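To keep things clear, I will list the structure first and then write my remarks on it.
The values are calculated or read from the model by the stated rules, or taken from the named source; none is laboratory data. Predicted, not measured: the structure shown is a model, and the values here were computed from it. Note that each Cβ is placed from the backbone with ideal geometry, even for glycine, and that neighbours are counted across all protein chains shown. Accessible surface is based on the protein model in full, side chains and every heavy atom, while ligands, DNA and RNA are left aside. Shrake-Rupley method; radii C 1.70, N 1.55, O 1.52, S 1.80 Å.
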Amino acid sequence: MRKNIVAGNWKMNNDLKATKKLVKQIKKSIKKAELNNTRVIVAPTYVNLATAVKRVKKSKIEVAAQNMHQASNGAFTGEISASMLKGVGVKIVILGHSERRAYFGETDALLAEKVNVALSNKLEVIFCFGEELADRKAGKEESVVESQIKNALFHLGADAFKNIVLAYEPVWAIGTGETASPEQAQDMHAFIRKTLADKYGNVVANNVSILYGGSVKPANAKEIFSKADVDGGLIGGAALKAEDFYAIVTAF
Ligand code: PGA
């Protein structure tokens, strides 16, 4: 059965000191919490991953990277490979975040390559995708999402989906304070699950966790997570405050 997941994408926030502090606070707050089958993940910046991995030991918190380069090594100044992530104890990587697509030119084809490399290095992938506002206004949100998923993932065999989490993040809802309504999220998540089922069958589709991302906060998490096909959230801004993150983690 698929798991609920709440993952905090810290983006380019929190220096070393702040990373230690936030991990400590989250660790403390979830210690006695009833987690209801919920995985708790935090994604600090590259330079703080090793520290975070050490500090989450003996807790239920898992650590993810926010990105990864597709090459295994070589002359790629400033980049980080899958084996480097694994070397510091990271087991999960976020790929395809809309900020990577928009500001760093990541395409579906590149992401297909990154997904292959991550999976072959035994990293679990949180794969992000989502339509822009203009797409939704034009009624094209489903076709955009469908092509993002197909282009980056549908070359994979069914087994690969045991190590993939999907994160639907409508670009217009990220960091804007504007959230998709619970119904909009549910409609899209059901569509995503059906798209998966059509290609890989119901068993695969029903076992993949599909997260919603885009201005999730304590005030709206409960209602969004109550929807049948929403298995948790990828949280940006609200993941930077232990109190808020805790409220979202325990919203199931
Ligand atoms: P937000 O970011 O929660 O600040 O909207 C979500 C994300 O980018 O993953």
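Restricting K17, K32 to residues that are at pLDDT below 95, farther than 22 Å from G213 by Cβ, away from the ligand (no atom under 16 Å from the Cβ) and not hydrophobic (A, V, I, L, M, F, W, C) narrows the list to K32. Scanning segment 196-236 for residues that are open to solvent by less than 10 Å² (accessible area, probe 1.4 Å), within 13 Å of L166 (Cβ to Cβ) and assigned to a helix (DSSP H, G or I), we see that the one that is nearest to the ligand (Cβ to nearest atom) is L196.
Of K27, K114, K21, K58, all but one fail to be open to solvent by 70 Å² or more (accessible area, probe 1.4 Å) and on the phi < 0 side of the Ramachandran plot; the exception is K21.
Among residues of segment 78-98 that are on the phi > 0 side of the Ramachandran plot, those with a Cβ under 7 angstrom from a residue that is buried (at least 21 other Cβ atoms within 10 Å of the Cβ) and of a type outside the set (G, A, S), sequence gap 6+ or separate chain, pair up as G96/L111; G96/F127; G96/C128; G96/F129. Out of the residues in segment 169-195 that are in contact with a strand residue (DSSP E or B) (Cβ under 6 Å, 6 or more places away or on another chain) and of a type outside the set (A, V, I, L, M), state the one that is surrounded by the fewest Cβ atoms within 10 Å (Cβ to Cβ). The selected residue is H189. Filtering segment 215-252 to residues that are modelled with pLDDT under 95 and within 14 Å of the chain's Cα centre (by Cα) leaves only S215.
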